Structures are given as structure tokens and as C-alpha cells.
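Taking it in order: structure first as C-alpha cells, then the write-up.
The values are calculated or read from the model by the stated rules, or taken from the named source; none is laboratory data. All values reported here derive from a predicted model rather than from experimental measurement. Please note: Cβ atoms are built from the backbone with ideal geometry, for glycine as well, and neighbour counts cover all protein chains shown. The accessibility values were calculated without ligands, DNA or RNA, using every heavy atom of the protein model including side chains. Shrake-Rupley method; radii C 1.70, N 1.55, O 1.52, S 1.80 Å.
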Amino acid sequence: MPTGIIVNGAAIFIGGLIGGLAGHLLSEKFKEEINLIFGISSMVMGIIAIAPAKNMAAVIFAIIIGTALGLVLHFGVWINRGAGLMQRGIAKIAPVKSGMPEEEFMSTLITVIVLFTASGTGIYGSLVNGMTGDSTILISKSILDFFTAIIFAANLGYVVSFIVVPQFIILYILFLLAGVIYPLTNPAMIADFKAVGGALMMATGFRITKIKIFPTADMIPSMILAMPFSWAWMNWILPMLTN
């Protein structure tokens, strides 16, 4: 049962409705400062996920090589283009009411679509939920997403609520794929996978707080490499180092 995905989708949908309805009551100062709390919360989740890593060298290699691969293939650019297509479809369903200039509105909305549908935390949490049944990562993310949706919907309108449709589809596909992946793993590989996901959570936190704009979308391929690198480290590299 994809409990975490359902809870996450409900949090975004309800938060978007509340923000669209009552967002005008929130001051700009409040919106800006509450984002700092979202960011530090994401960092805390990332630190907790990184701590149990079993093969830190494999984790570092996965992050570096995966991000380099994402940058070379312009992974983030493709995700942004996909988000733009989603936006045009969503705009036909949901009313778009905003006093923001059109260019700024589009840029912000695409950021929100990427944040909710292609974030490292969402991908990582969906796979963990499918592999182990642990939905706590997605439920923790849901708390952040609920308030994030309120803040963004205060500026963008009800369109934020409808992001839940592509978000649920993408995360549910990952949830189903996890059932195929899990039998091929072991506890150390899962711990290393969580650590790579934790690094993406920390990068997301820095991005939300605007301390440093990490290329989080380009970092996503590192999650694909995490478990293969962990396996290779334990079965190929460590035996050579211990002999």
C-alpha cells in the first residue's frame, strides 16, 4: 500500500486549496521566513538519512559521478521542459490568478512542479516505501509539502493543487519499480541508497533557503547509481583492499 505517496498527494492538494483560498492573508515576510524553516527541516532529514551509510566511498562516488552524468546529459533541463508541458496542461484545468508578471509566474510554477514531482526526497522516499514498506520519509516530506503548497498557492493560485496528478503518477511508478529492485538488494545497499537520497535532501534544503542553488535535478541520476556502486564496492573493491 503506497501510504506515503497517498499522504503526500493529499498534503499537496489540501495545502494548495488552503493557499489559494486564504493565501492573501499571509504577509510577504512570513512567507519568506517560513521557507527558511522548510529548508532546515529538509537538511535535518538529510543528515538522519546519511548517518547510517555503510560504504561512504561508494556513496561519494555515486553522488559525484551521478551528478556529472546529469550535468552532461542536461538532466535538469529535460525535467524543466517536462514541467513546462505539465504546467500548460494544468493551466487548462485550474484557474490561474496571480498578480505576478507572466515570466516570473511561469518560472515559479515550473520550480514548484519540479519540487513536488521530481525532487530527490520524493523519488528516494517512494523507492524506500516500495522496498521496505517504510513511509516515514514521505510522511515527513508531506508535512513540509503541505505548508510549501500553501505558501506557493498564495502567489500562484489553485493550480498548485493540481500538481498532485503528475506527482502521484510518477511516485507510484517508482513505488511499483521498487518491488522489483528490493529482492536484488541487501541492507548495506539500501543504507547507502538512503545516504545518497539524504545528500539530495540536504542540497534541497540549501536551495530552499537560497544559501546555495545546488543542481538538485541534475543530481537525481546519482540515486540510480547508488546501489550498483555499493554492490561493486563490497564485492570488487573491498576484497582487493583487504587482500
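Test of understanding: what is the full-extension gain from residue 22 to residue 85, defined as 0.36 nm times their sequence separation minus their Cα-Cα distance?
My answer for the length gained is 19.9 nm.
Seen from all sides and averaged, what is the projected area of the convex hull of the Cα atoms in the range 118-204, in nm²?
5.7
Calculate the spin-label point distance for residue 177 paired with residue 235, positioning each point 7 Å from the Cα along the beta-carbon direction, and give it in nanometres.
Label at residue 235, label at residue 177, 2.0 nm between them.
Between residue 139 and residue 65, what FRET efficiency follows from the Cβ-Cβ distance if R0 is 25 Å, with the result rounded to 0.05?
0.20
Binning every alpha carbon pair distance of the range 11-67 at 5 Å from zero, what are the percents per bin?
Bin by bin from 0 Å, the calculated values are 4, 14, 13, 17, 14, 10, 10, 10, 7, 2.
State, as an integer percentage, the relative contact order of the chain based on alpha-carbon contacts under 8 Å between residues 6 or more apart.
43
Classify the chain as rounded, prolate or oblate from the Cα gyration tensor: take a ≥ b ≥ c as the square roots of its eigenvalues, call it rounded if a/c is under 1.5, otherwise prolate when a/b beats b/c and oblate if not.
Values: a/c = 2.03, a/b = 1.91, b/c = 1.06.
Prolate.
Run the numbers on the range 77-193 and let me know its relative contact order in percent, using alpha-carbon pairs under 8 Å that are six or more apart. Intermediate values should be presented prior to the final figure.
Values: 101 pairs, mean separation 41.0, N = 117.
Relative CO of the range 77-193 lands at 35 percent.
Kindly provide the trypsin sites (Lys or Arg not before Pro) of the range 59-168 that DSSP labels as loop, not H, G, I, E or B, and whose Cβ sees at most 15 other Cβ atoms within 10 Å.
Passing both the DSSP loop test and the Cβ count: 97.
Students often forget the sequence filter, so: which lysines lie under 30 Å Cα-Cα from residue 92 once same-chain residues fewer than 8 apart are removed?
Straight-distance partners of residue 92: 31, 141.
With a/c under 1.5 counting as rounded, go ahead and sort the range 1-116 into rounded, prolate or oblate using the C-alpha gyration tensor (a ≥ b ≥ c being the square roots of the eigenvalues; past the cut-off, prolate if a/b is larger than b/c, else oblate).
Prolate.
Over the chain, what percent of the accessible surface lies on carbon and sulfur atoms, probe 1.4 Å?
On the way: 8790 of 12020 Å².
Carbon plus sulfur share of accessible area: 73 percent.
Below 8 Å between Cα atoms, with a sequence gap of 6+, how large is the relative contact order for the range 148-243 in percent?
Worked out over the range 148-243, it gives 23 percent.
What does the accessible area per residue of the range 155-199 come to in Å², with a 1.4 Å probe and no ligands, DNA or RNA counted?
Details: 1860 Å² over 45 residues.
Result: 41 Å² of accessible area for each residue.
Calculated from DSSP H runs of 4 or more alone, at -39500 (n - 2.57) each and per residue, what is the 222 nm mean residue ellipticity of the chain, nearest 500?
It lands at -26000 deg cm²/dmol.
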